[in-house]
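The values are calculated or read from the model by the stated rules, or taken from the named source; none is laboratory data. The structure displayed is predicted, hence computed values, not measured ones. Note: ideal-geometry Cβ built from the backbone for every residue, glycine included; neighbour counts use all protein chains shown.
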Amino acid sequence: MIHVSGLRKVYDTGVVALDGVDLDVREGEIFGVLGQSGAGKSTLLRCVNLLERPTSGTVAVDGQDLTALDIAGLRRARRRIGMIHQHFALLSSRTVAGNVAFPLEVAGVPRRERATRVAELLELVGLEGKASAYPAQLSGGQKQRVGIARALAARPKVLLSDEATSALDPGTTQSILALLRRLNAELGLTILLITHEMHVIKSVCDSVAIMRDGRVAEAGRLADLVAAPGSLLTREIFPLPEPAPSGSVTVTFAGQGGEPVMSSLVREFDVDVDILGGSVEDIGGVPVGRLRVRLTGKRAADALGYLRERGVILEETR
Amino acid sequence: MIDDDLLPVLAVATGETAQMVFWSALLTLVLGLPLGVLLVATDRGGLVPAPAVKAVLGAVVNVGRSLPFIVLMVAILPFTRLVTGTTIGTVAAIVPLTLGAVPFYARLVETALRGVEREVVEASQAMGASRLRIVARVLLPEALPGLVAGLTVTIVALIGYSAMAGAIGGGGLGDLAIRYGYQRFDTTVMVVTVVLLIVVVQVVQSLGDLLARRLSHR
C-alpha cells in the first residue's frame, strides 16, 4: 500500500536525514517505525506525503508514485492520505465540528453532506457531545480523537501517525492505540506510525522497522522478528546488560505452545538453572520471554540441545 | 470653564481627527495585511519561499519604520500632492498617516502570523489544501486575535501621528492643542484636548482588547 524505495534526504546544511530507506507497508496492516530522535523516522514519515521533498528515491501510495506528481496532483493525492500529529495540529479558531469539516471543505464536499459526515466521524471516535466545543476545552486524548476524525474525514485508505501518542499520558495513550486498532480492523485502514516508544510497537503494530542513523536497521513482521535469533527488536524489547557474562546463555522463547520448558529442563536433565536476568512480555497475544541463565550440571549440553529442539533461540557466550 | 464658542471648535477638531484616523486605519488594514502575509509567506520554508522578494519587502518596511513620522510627512509632500492634489488639509494628511502606519502594521501582522503553529500549517498542507486556502482559512483566522490587537495598537499610534499632521494643516485635536493651548496660552483648551485624547485612546484600546478576547478560543 505504501512503497518507499531508495529514499534519501540530505538537508541544505549537509545533514543526511535518510540514507537509502526502503519500506513496504502492506494493505490493512499497522506498520510501526521505531527509532530515537534524530534517527530519521520523522523525515521518513514526512516524505511519504511529500511534506518533505526527498533528495532522491520514490514514494508510492496505493500504486501511485507521488514523487512524479505536479502540485495539483499531489494535493489531490494528499486528500487520500490522512495524517495525525504529535501536538494534534487542530485549528484553535474552529470548533470540533469545524475542524473535522475542514478537509471536507478542501475536498469540495457540499455543506449538507459535510454536516452528516462530521456527525458520523465524531460518533466513530466517541466524541458525539463535543461538536461545538473548541479544542482548548478538550483534554489531550479528546484532541487526538478530533485529529483522528479529521484525518479520516475524506475516507483515506492510509493514515500516517507522527508520534500521535507521545504527548499523552499512559492511560490515554492506550485508549488512542485501541481506537487506531479498531479503525484498522473496521475500516481496513492501513496505518504507518512513527514512535520512539517500544510499547506502542508492542501494543498495536503488525510490522516494524527499526531506524538508526537514517537507515532501516531491521524490518519485518513483529512475530517473525521476535522469533529471529539476535534480532534488534528482541534486544530492544527485552534489554539485558551487554556484553553477556561468559558462560551464560541467553534464551528467547516465543510461545512454545504454553509448554513450561524451563521446569521440564530442570527435571529431565538434572541441571541447575541460575537466572541472571530477563523478562516476559505479551506480544500480539503470544507470551514471549528472554532470559539470561547459567546452566550447571553434567548434562548441561544435552539440556541446551533439548531447548533448541523446542524452537527456543539460544545465544551462548563462552 | 469651557465657553460656548469652544464647543463647536472642539467638535470640528474631533471630527477631523476621527476622519484622518478612520481612513488611514482602513487603508493601513487593506495594504498592511497583505504585506504582512507576504513577509511570512516568502520566508524560507514559508508557503511561497522567495528569499529575494522577502529581502526587498523587509528592506522597504524597515525604511518606512526608521523615519520619524514628522520627517516622513514632510519628505513625501510631493507624493501627497500627486495623490490628493494638495498638501494641506485632512485628506492630504491621510496619505502620510497611511504610509507611516502600513509598515508598522505589516510587522505586527507578521508577528501575529508567526504565532500560528507550524504543525497546523503542515497539517493543512497534508490535507491537500491550496496555499490560498491556507492563508484565508488557516493563517488569518488562527491569527485573528493578534491581528485585531495589532490593529488596535496601530490605531492608537495613528491618533498620535494625526496630532502631528496638524503641522501641515491637517487639523484635528493635536492641531487645536498647539494653536489654542500652546500658541495662545489657552490652558483650558490644552487641558480639554489632552483629556479628550486620553479618553479616545482608552476607549479604542479597551474596545480592541475586548474584541481580541472575544475572538480568541485558545
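Scanning the stretch A:239-253 for residues that are surrounded by 20 or more Cβ atoms within 10 Å (Cβ to Cβ) and not β-branched (Val, Ile, Thr) yields A:Ser248, A:Phe253.
When A:Leu304, A:Leu291 are checked against the criterion of being surrounded by 15 or more Cβ atoms within 10 Å (Cβ to Cβ) and farther than 29 Å from A:Gly35 by Cβ, A:Leu304 stands alone in meeting it.
Listed by position, the strands (runs of 3 or more DSSP E) enclosed by the stretch A:1-58 that each have at least 1 residues that are surrounded by fewer than 20 Cβ atoms within 10 Å (Cβ to Cβ) are A:2-10, A:16-25. Taken as a whole, the structure places B:Arg118 among residues that are over 24 Å from B:Leu176 (Cα atoms) and surrounded by fewer than 16 Cβ atoms within 10 Å (Cβ to Cβ).
Only residues that are among the aliphatic types (A, V, I, L, M) and in contact with a Gly (Cβ under 8 Å, 6 or more places away or on another chain) were counted in the stretch B:143-152, giving 4. I need a count of the residues in the stretch B:9-43 that are of a type in the set (D, E, K, R) and not in a helix (DSSP H, G or I). Of the residues in that region, 1 qualify. Within this structure, A:Ser161 passes the test of being buried (at least 21 other Cβ atoms within 10 Å of the Cβ) and within 21 Å of A:Leu127 (Cβ to Cβ).
Looking across the stretch A:282-299, the residues that are aliphatic (A, V, I, L, M), in contact with an Asp or Glu (Cβ under 9 Å, 6 or more places away or on another chain) and at pLDDT 85 or above come down to A:Val293, A:Leu295.
Of all the numbered requirements in (1) farther than 29 Å from A:Met198 by Cα; (2) without any contact (Cβ under 8 Å) to a residue 24 or more places away in the chain; (3) within 25 Å of the chain's Cα centre (by Cα), A:Arg114 misses one, and that requirement is (3).
Residues of the stretch B:135-151 that are more than 10 Å from chain A (Cβ to nearest Cβ) and either buried (at least 21 other Cβ atoms within 10 Å of the Cβ) or of a type in the set (A, V, I, L, M, F, W, C) (or both): B:Val135, B:Ala136, B:Leu139, B:Leu147, B:Val148, B:Ala149, B:Gly150, B:Leu151. Candidates in the stretch A:65-124 are the residues that are among the β-branched types (Val, Ile, Thr) and assigned to a helix (DSSP H, G or I); of these, the one that is farthest from the other protein chains (Cβ to nearest Cβ) is A:Thr116.
One residue stands out among those in the stretch B:112-130 that are more than 7 Å from chain A (Cβ to nearest Cβ) and small (Gly, Ala, Ser): the one that is farthest from the chain's Cα centre (by Cα), which is B:Ser124.
Within the stretch A:164-173, the set of residues being part of a helix (DSSP H, G or I) and out of contact with any helix residue (DSSP H, G or I) (no Cβ under 7 Å at 6 or more places or on another chain) comprises A:Pro170, A:Gly171, A:Thr173. Looking at the stretch A:125-140, which of the residues that are in a loop (DSSP other than H, G, I, E, B) and in contact with a Leu (Cβ under 7 Å, 6 or more places away or on another chain) is nearest to A:Leu187 (Cα to Cα)? The extreme case among them is A:Val125. A single member of B:Val102, B:Val120 is in a helix (DSSP H, G or I) and closer than 30 Å to A:Leu152 by Cα, and it is B:Val120. Only a single item in (1) of a type outside the set (S, T, N, Q); (2) more than 30 Å from A:Thr165 (Cα to Cα); (3) assigned by TED's automatic domain parsing to the domain that holds A:Gly28 is not met by A:Leu222, and it is number (2).
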